[in-house]
There are 2 protein chains.
Amino acid sequence: MQDQLKLDNFICFAVYTASHALNRVYKPLLDTLGLTYPQYLAMVALWERDGQTVGGLGEKLFLESSTLTPLLKRLETAGYVSRERSKDDERVVVLRLTDEGKRLKEKAIGIPGCIAAASGRDAVDLTRLQAEIVALREALNKSVV
Amino acid sequence: MQDQLKLDNFICFAVYTASHALNRVYKPLLDTLGLTYPQYLAMVALWERDGQTVGGLGEKLFLESSTLTPLLKRLETAGYVSRERSKDDERVVVLRLTDEGKRLKEKAIGIPGCIAAASGRDAVDLTRLQAEIVALREALNKSVV
DNA sequence: AGGATTTATATCGCGCACGATTGTTTATTG
DNA sequence: CAATAAACAATCGTGCGCGATATAAATCCT
């Protein structure tokens, strides 16, 4: 009963600290690319599909425009992404990878393998755990409405 | 092979977004206590053991003094915590719950149950998943050295 | 057509989170 | 015992992340 309020039994604390731990493992790898961790995720999403809008990217990454706009401006300054208002709908900003941004993908391709190695698990196990955490996220997102 | 660089297959992205999702579920609950999520974790750690030092708390929460010092000052301003240099060792700052800080525990006791409910899982399943995520964190922390 | 509503992005303020650095106190070592 | 090193907390600069708000464009509605 009194275990209820012990930090080590909190799923939230586990996720919170695991997220920081992942960040620390990524940091030295991403430093070589000149990217932060959230910037890297944005680039991955754009490598997956170029020409997305700010809103579309935010939906994928679960981030607000208040977070993305400054981040994307930094990626623009770094020369990896261009931001341009759509001709069809002037409200929308379309994101396109620059040539340099596209080239960066080759340097980034080895990173997931490094993380998997650092996790000390095999691919099957990681995939299973990944799916479980996604299921948790979806349940939580559903409950917020 | 080309799945390697897909966002949905990233364990890191799952953890990253799950962490944000948890934050969003916690926010309305913590607002009633006047705490942010990291402040709440610090309070949980102090409810568990009062009189910890800044360094000791940081070790538990995996946070640096550069993060904790301002956070603890805010908890002090809120009237939940006192910060005082130890007489034995003037380098160390000892954290003590105020009476109000102790009382807050009663209001917080129901929160873990709300989160568990929002996760849509039973206690056994949550505990298992929590242990798996902790194991991932430990493996990652070990790899960083 | 024209005013109201909705949609998309941007801005602002606040609170983390960290690396690098600083200043003070304690411990160590020659 | 004095010089040096180590430990601890605090400060500073940068980059998220979000809620609230602003701004502008598109859509809706008589």
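Quick note: the coordinates plus some simple rules give every number you see, no bench work behind them. Predicted model only: the values in this text are computed from it and were never measured. Methodologically, a virtual Cβ is constructed for each residue, glycine included, from the backbone with ideal geometry; neighbour enumeration extends over all protein chains shown.
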Across segment A:109-134, the tally of residues that are of a type outside the set (Lys, Arg) and crowded, with 16+ Cβ neighbours inside 10 Å stands at 12
Scanning segment B:12-39 for residues that are touching a residue at least 12 places away in the same chain (Cβ under 8 Å) and either over 30 Å from B:Thr77 (Cβ atoms) or at the interface with another protein chain (Cβ under 9 Å from one of its Cβ atoms) (or both) gives B:Val15, B:Leu22, B:Asn23, B:Val25, B:Tyr26, B:Tyr37, B:Pro38
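Being without any contact (Cβ under 8 Å) to a residue 24 or more places away in the chain and under 18 Å from the mean Cα position of the chain (by Cα) is the filter here; which residues of segment A:120-135 pass it?
Looking only at segment A:120-135, we keep the residues that are without any contact (Cβ under 8 Å) to a residue 24 or more places away in the chain, and these are A:120-132, A:134-135.
Across segment A:120-135, the qualifying residues are A:Leu126, A:Thr127, A:Leu129, A:Gln130, A:Ala131, A:Glu132, A:Val134, A:Ala135.
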Selection from segment A:43-96 of residues more than 12 Å from DNA strand D (Cβ to nearest atom), surrounded by fewer than 18 Cβ atoms within 10 Å (Cβ to Cβ) and within 14 Å of another protein chain (Cβ to nearest Cβ) yields A:Glu48, A:Arg49, A:Asp50, A:Gly56
Going through (1) more than 17 Å from B:Arg137 (Cα to Cα); (2) facing chain B (nearest Cβ under 8 Å) one by one, A:Gly110 fails only at (2)
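Residue by residue through segment A:117-132, note down the ones that are at the interface with chain B (Cβ under 7 Å from one of its Cβ atoms) and of a type in the set (S, T, N, Q).
Going residue by residue through segment A:117-132, those that are at the interface with chain B (Cβ under 7 Å from one of its Cβ atoms) are A:118-120, A:126, A:129-130, A:132.
Correct list: A:Ser119, A:Gln130.
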Residue count, segment A:97-108, condition over 15 Å from A:Val54 (Cα atoms), under 19 Å from the mean Cα position of the chain (by Cα) and either surrounded by 14 or more Cβ atoms within 10 Å (Cβ to Cβ) or near DNA strand C (Cβ under 8 Å from one of its atoms) (or both), comes to 5
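Which count do you get for residues in segment B:133-145 that are over 16 Å from A:Ile133 (Cα atoms) and assigned to a helix (DSSP H, G or I)? Let's see the steps before the verdict.
Within segment B:133-145, the first condition is being over 16 Å from A:Ile133 (Cα atoms), and the residues that meet it are B:138-145.
Those still in the list that are assigned to a helix (DSSP H, G or I) too: B:138-144.
Residues that pass the stated criteria total 7.
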